[in-house]
Amino acid sequence: MKAYKLKDNIYWVGVIDWNLRNFHGYITPRGSTYNAYLIIDEKITLIDNVKYYLFDEMLARISDVIDPHKIDIIIQNHIEMDHSSGLPQLMKIIPDAEIYTNATAIKGLKLHYHQDWNFQEIKSGDSINIGNNDLTFLTTPMVHWPDNQVTYCPQEKLLFSNDAFGQHIASNERLEKDFPLDIVMEEAKKYYANIVLPYSRQVQKVLEAIASLDIDMIAPSHGLIWTEHIPEIIDAYQIWSKNITDEKKALIIYDTMWKSTEMIAFAIAQAFENKGIKAKIRNLQLTHISDIMTEVMDAKYICVGSPTINSSILPTVSAFMSYLQCLAPKDRIGLSFGSYGWSGQSIPMLHKMLGDESGCGFKMLEPVKVQFIPTEEILNQIRKNVEQQLNNI
Ligand code: FEO
């Protein structure tokens with residue numbers, strides 16, 4: 001196992017999780033990496049850590065550069081277990097190493113591992129000198145856990161950004177310039193949609209804080225390291241964190257029992273198309289909710305449909321709505337639709353979930369509701385009604 005040299009005395013010593021396909025409910029068809037970084041200086045410093053089951057891989061990459069016993073300092077930018085569960089194994093090798101992190105992280109690490117390691121508490125803005133390099137810490141609470149922080153090395157113009165700017169991609173390449181950029185950007189978008197989106201206001205503060213830093217490399221804790229496309233990922237984070245969407249994009253998301261709700265979905269899609277708005281149809285039986293969330297990122301219109309089943313909505317739609325509400329996209333226009341047999345509760349339920357302030361808080365179009373199977377005439381009327389409402393926006 002080899003370390004990857006990023007700068008004269010700075011190495012990537014992370015691990016590649018080729019087999020990861022599900023990250024707490026978010027599907028990761030490309031796998032992921034847990035990135036850790038080694039700085040060879042007067043004080044040998046390890047930044048971040050890896051998942052416990054790949055610890056030996058990190059150790060082998062560190063050993064490619066130095067004897068791991070020589071590590072003096074660990075910087076723990078985040079406590080989530082993908083970046084901390086290797087720590088107990090590491091601390092058996094270097095029990096006296098200093099662990100620099102913030103008070104929230106120290107408390108969280110103690111609650112995870114129940115060890116009284118040599119914690120050194122830092123505050124936002126603090127710096128330490130490790131020889132030729134300084135390391136400055138900026139706490140970034142709720143991007144996406146309360147303990148998150150980033151670490152900046154001014155001499156090397158390097159920002160260790162932890163989860164921010166990450167992507168779930170397992171690859172042999174380490175730098176984004178050596179990998180197809182469209183895939184890196186798409187995976188960064190998926191990561192933002194499924195992990196970071198609810199904390200967009202806090203992301204804005206982080207973007208403000210790092211705007212004054214001179215950065216020529218961003219080293220996140222997942223995926224490719226940013227070198228040549230830093231302006232692109234910063235611009236994308238600006239757009240995503242401001243909930244800026246494309247007025248010409250609609251998503252029609254549904255599940256169906258006997259195809260009636262599906263017929264309505266297609267009629268609504270045609271109405272959007274007739275008004276020059278691109279409509280994507282997503283059947284929840286066929287597309288994973290984490291992929292749909294990626295598409296929610298730039299769609300202005302979010303239409304959700306379910307037939308009524310036992311006075312409620314289908315479980316697939318319920319799961320999607322729960323996921324959507326938690327990830328909290330803002331400034332969208334919603335529409336609920338569905339077919340029903342005799343009671344029709346699913347449509348007002350969806351309307352409330354999408355429109356209420358306690359739900360998604362979207363501005364809503366009029367719901368579309370059809371008893372049993374729509375005729376062509378009814379579908380035409382749906383198209384006309386939706387088009388009419390789009391004219392009035
Ligand atoms: Fe990559 Fe929040 O852990």
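The numbers here are math on the coordinates, done by the rules we state, and not lab data. Model, not experiment: these values are computed from the prediction. Glycine gets a Cβ as well: all are built from the backbone with ideal geometry, and neighbour counts include every protein chain shown.
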request  = Please determine, in degrees from 0 to 90 and to the nearest 10, the orientation of helix 315-327 with respect to the longest principal axis defined by the Cα atoms of the chain, where the helix direction is its Cα long axis.
outcome  = 50
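Rounded, prolate or oblate: pick one for the range 181-276, where a ≥ b ≥ c are the square roots of the eigenvalues of its C-alpha gyration tensor, a/c under 1.5 means rounded, and failing that, prolate if a/b is larger than b/c, else oblate.
prolate
Which order do peptides 73-82, 348-357, 49-58 fall in by mean Cβ count within 10 Å, highest first? Mind showing how you got there, number by number?
On the way: 73-82: 22.9, 348-357: 18.4, 49-58: 20.3.
Listed from highest to lowest mean packing, they are 73-82, 49-58, 348-357.
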query = How do 121-129, 39-47 rank on mean C-beta neighbours within 10 Å, highest first?
reply = 39-47, 121-129
request  = Choose one of Ser32, Ile94, Pro146: the residue whose Cα lies farthest towards the positive end of the charge dipole of the range 4-241 (beta-carbon charges +1 Lys, Arg; -1 Asp, Glu; about the Cα centre).
outcome  = Pro146
task = Could you pull out the pairs from Lys275/Lys300; Lys92/Lys123; Lys157/Lys330; Lys43/Lys177 whose alpha carbons sit more than 23 Å apart here?
result = Lys92/Lys123; Lys157/Lys330; Lys43/Lys177
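How large is the Rg to Rh ratio of the chain when both quantities use alpha carbon positions and Rh follows Kirkwood?
Details: Rg = 24.1 Å, Rh = 22.6 Å.
Ratio of gyration radius to Kirkwood radius: 1.06.
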request  = Fewest Cβ neighbours within 10 Å first, please rank Asp147, Asp96 accordingly.
outcome  = Asp96, Asp147
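Antiparallel versus total DSSP beta bridges in the range 249-377: what percent is that, nearest 5? Before the final figure, lay out each step's value.
On the way: 1 of 23 bridges.
Percentage antiparallel, nearest 5: 5.
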ask   = Roughly speaking, what is the centre-to-centre gap between the range 233-286 and the range 41-92 when only Cα atoms are used, to the nearest Å?
value = 43
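With both bridge residues required to lie in the chain, what share of the DSSP beta bridges run antiparallel, to the nearest 5%? Intermediate results must be reported in sequence, preceding the final value.
Details: 26 of 65 bridges.
Approximately 40 percent, going by the DSSP bridge assignments.
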inquiry  = Please give me, ordered by residue number, the GluC sites (Glu not before Pro) of the range 123-194 that lie in loop per DSSP and have at most 16 other Cβ atoms within 10 Å.
reply    = Glu173
query = Mind checking the dipole of the chain: about its Cα centre, +1 per Lys or Arg Cβ, -1 per Asp or Glu Cβ, Debye to the nearest 20?
reply = 1340
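Could you tell me which of rounded, prolate or oblate describes the range 172-228, using a ≥ b ≥ c as the square roots of the eigenvalues of the alpha-carbon gyration tensor, with rounded for a/c under 1.5 and, failing that, prolate when a/b is larger than b/c and oblate otherwise? Intermediate results must be reported in sequence, preceding the final value.
Values: a/c = 2.57, a/b = 1.26, b/c = 2.04.
It is oblate, given that a/c is not under 1.5 and a/b is not larger than b/c.
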